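Presented below is the structure to which this report refers.
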Amino acid sequence: MNRKRSIALYRRALQLIPGGVNSPVRAFKAIGIPPLFIDRAKGSKIWDVDGNAYIDYVGSWGPMIMGHAHPKILTALKKTAPKGTSFGAPTSLEIELANEVRKAFPSMEMVRMVSSGTEAVMSAIRVARGYTGRDKILKFEGCYHGHGDSLLVKAGSGAATFGIPNSFGVPEDLARHTLTAPYNDLERVRILANQFPEQIACIIVEPIAGNMGAIPPGKGFLEGLRRICDERGIVLLFDEVITGFRVAYGGAQELYGIQADLTCLGKIIGGGLPVGAYGGMEKMMEKVAPVGGVYQAGTLSGNPMAMAAGIATLEILKTKKVYKDLEKKTVYLAERICESADERSVPVAVNQVTGMLTLFFTEGPVRDYATAKKSDTKRFARFFIEMMEQGIYLPPSQFEAWFISLAHTQKDLDKTIEACNTAFKKI
Ligand code: KE4
């Protein structure tokens, strides 16, 4: 495929933007080739600036569950834009979207709109700390919750329980307040909760991990976290920025029947425009300014264009059939990929939950970051390039989830499988 224009644009971008991209994963660093520059998208397809078409499984990293340039979203934006794009004042649209979110997530008794998942998580953690008066938080290795300082922390070496920064610019004194445990390891959570009694403000978890590749919670994991939090007055914070409206209309909370105390959302609720949201029990959310003393603000929070796109998106998603359709497509793709790999004796593990999946280049099972990291990332890179050459656009990292949309057709899925058959033979 000719990608001359992408390469030329990349060279130009490198002179103006760090790494030529506005978010690191877009740079294709894990693949080792220049990134594609995208011109347009429609439905399940995306076109690069050289006119090459691809079936898209990135979906803007989750938001485009209804497919790109959905007519209902475009209509909503065309109706809203002429009235003005931002007022810095409340509008009825914010009430409408908050109400829809609360109907989908009954645990979110009150909701605050922000402009990204990172902002939602940063704010929710501040609420948990303000509500409990405690400083520590506990997160899981391999889970990503945006780039807030307290979350850019990894497990200390050896037996060290305190977190250490995994980014320059994060103060050690702050990182120390972040404890980490392996995903699906309830025993470790219990040990840390006992080691730091009444010091942990919240446990934050991706109820289905998407940022080490897709990894569902093990049996009893979420229930165990709920119990530990109830016993110790710790806030249970579900980061549903990916899973919210993705795995079910009510996210992982609906799928597994577990309520969080605070929930973070993003991606899908903006329909492709910048939106994040956090919310939860009224007794916690009433701590948020201007009612309470936990400060949080945002110039473009509740932006009318973003609200309109979000409302239109949830309108499309709120029918039960949507998730049955998504589940069928996801299972079909996951099963065919496994068959294809088996026929060509390529060791893989495929994890899938409605609307999202990850193909790991390792025997598996993949149930946490340690097992995910056993994947052959060089083989993944070769697979990615082979699939791209055949018109399939995958997330450019082994440790991300593929996103299926309502717009992916049976033909798209079968073309993807044919491409896998060829790619598995060549890598
Ligand atoms: P944003 O600030 O990127 O809107 O959301 C941060 C975030 C929070 N929580 C979860 C579970 C997330 O997955 C994310 C962001 N996801 C990544 C991809 N896995 C966004 C892609 C990127 O960083 O460019």
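Quick notes on this structure:
- Check on residue 48, more than 18 Å from the chain's Cα centre (by Cα), open to solvent by less than 10 Å² (accessible area, probe 1.4 Å) and modelled with pLDDT of 95 or more: yes
- Filter pass, residue 154 being touching a residue at least 24 places away in the same chain (Cβ under 8 Å), basic (Lys, Arg) and farther than 24 Å from residue 294 by Cα: yes
- Of everything in region 260-306 that is open to solvent by less than 10 Å² (accessible area, probe 1.4 Å) and in a loop (DSSP other than H, G, I, E, B), the residue that is farthest from residue 247 (Cα to Cα) is 302.
- Unique match (being outside the structural domain of residue 365 (by TED's automatic domain parsing) and free of Cβ contacts under 8 Å to residues at least 60 places away in the same chain) among 225, 237: 225
- Taking region 139-157 as the range and being hydrophobic (A, V, I, L, M, F, W, C) and within 16 Å of the ligand (Cβ to nearest atom) as the test, the residues that pass are 140, 143, 151, 152, 153.
- Of the set (1) charged (D, E, K, R); (2) open to solvent by 80 Å² or more (accessible area, probe 1.4 Å); (3) at pLDDT 95 or above, all apply to residue 154 but (3).
- Scanning region 163-185 turns up at least one residue that is small (Gly, Ala, Ser) and open to solvent by 10 Å² or more (accessible area, probe 1.4 Å).
- Flag for residue 258 being farther than 12 Å from residue 101 by Cβ, touching a His at 6+ places or on another chain (Cβ under 8 Å) and either modelled with pLDDT of 95 or more or of a type outside the set (Asp, Glu) (or both): no
- Out of 78, 139, 72, 103, sole residue that is modelled with pLDDT of 95 or more, touching a helix residue (DSSP H, G or I) at 6+ places or on another chain (Cβ under 8 Å) and either β-branched (Val, Ile, Thr) or open to solvent by 20 Å² or more (accessible area, probe 1.4 Å) (or both): 72
- Taking strands (runs of 3 or more DSSP E) as the structural unit, those lying wholly within region 32-151 and holding at least 2 residues that are assigned by TED's automatic domain parsing to the domain that holds residue 306, among the β-branched types (Val, Ile, Thr) and within 30 Å of residue 198 (Cβ to Cβ) correspond to 110-114.
- Qualifying residue in region 325-332 (condition: touching a residue at least 24 places away in the same chain (Cβ under 8 Å), open to solvent by less than 10 Å² (accessible area, probe 1.4 Å) and more than 19 Å from residue 250 (Cβ to Cβ)): no
- Of all residues in region 106-133, those satisfying the criterion of being among the hydrophobic types (A, V, I, L, M, F, W, C) and open to solvent by 20 Å² or more (accessible area, probe 1.4 Å) are 110, 111, 122.
- Among the residues of region 333-351, those that are surrounded by 14 or more Cβ atoms within 10 Å (Cβ to Cβ) and not β-branched (Val, Ile, Thr) comprise 333, 334, 336, 338, 340, 341, 344, 347, 349, 351.
- Checking each residue in region 352-380 for being open to solvent by less than 10 Å² (accessible area, probe 1.4 Å) and assigned to a helix (DSSP H, G or I) picks out 372, 380.
- Restricting region 102-120 to residues that are more than 14 Å from residue 294 (Cβ to Cβ) and β-branched (Val, Ile, Thr), the residue that is nearest to the ligand (Cβ to nearest atom) is 118.
- Of all residues in region 212-224 being out of contact with any helix residue (DSSP H, G or I) (no Cβ under 6 Å at 6 or more places or on another chain) and surrounded by 24 or more Cβ atoms within 10 Å (Cβ to Cβ), the one that is farthest from residue 317 (Cα to Cα): 215
- Per-region count, region 382-394, residues surrounded by fewer than 20 Cβ atoms within 10 Å (Cβ to Cβ) and either out of contact with any Lys or Arg (no Cβ under 7 Å at 6 or more places or on another chain) or under 9 Å from residue 31 (Cβ atoms) (or both): 5
- Qualifying residue in region 310-331 (condition: within 16 Å of the ligand (Cβ to nearest atom), outside any strand (DSSP E or B) and over 20 Å from residue 415 (Cα atoms)): yes
- Filter result for residue 253 (away from the ligand (no atom under 13 Å from the Cβ), in a loop (DSSP other than H, G, I, E, B), at pLDDT 95 or above and open to solvent by 10 Å² or more (accessible area, probe 1.4 Å)): no
- Pairs with Cβ under 6 Å, 6+ apart, first in region 1-25 and part of a loop (DSSP other than H, G, I, E, B), second within 16 Å of the ligand (Cβ to nearest atom): 21/27
The values are calculated or read from the model by the stated rules, or taken from the named source; none is laboratory data. Just so it is clear, the model here is predicted, and its values are computed rather than measured. Backbone-built Cβ (ideal geometry, glycine too); neighbour counts: all protein chains shown. Areas reflect the complete protein model, heavy atoms only, side chains present, ligands, DNA and RNA absent. Shrake-Rupley method; radii C 1.70, N 1.55, O 1.52, S 1.80 Å.
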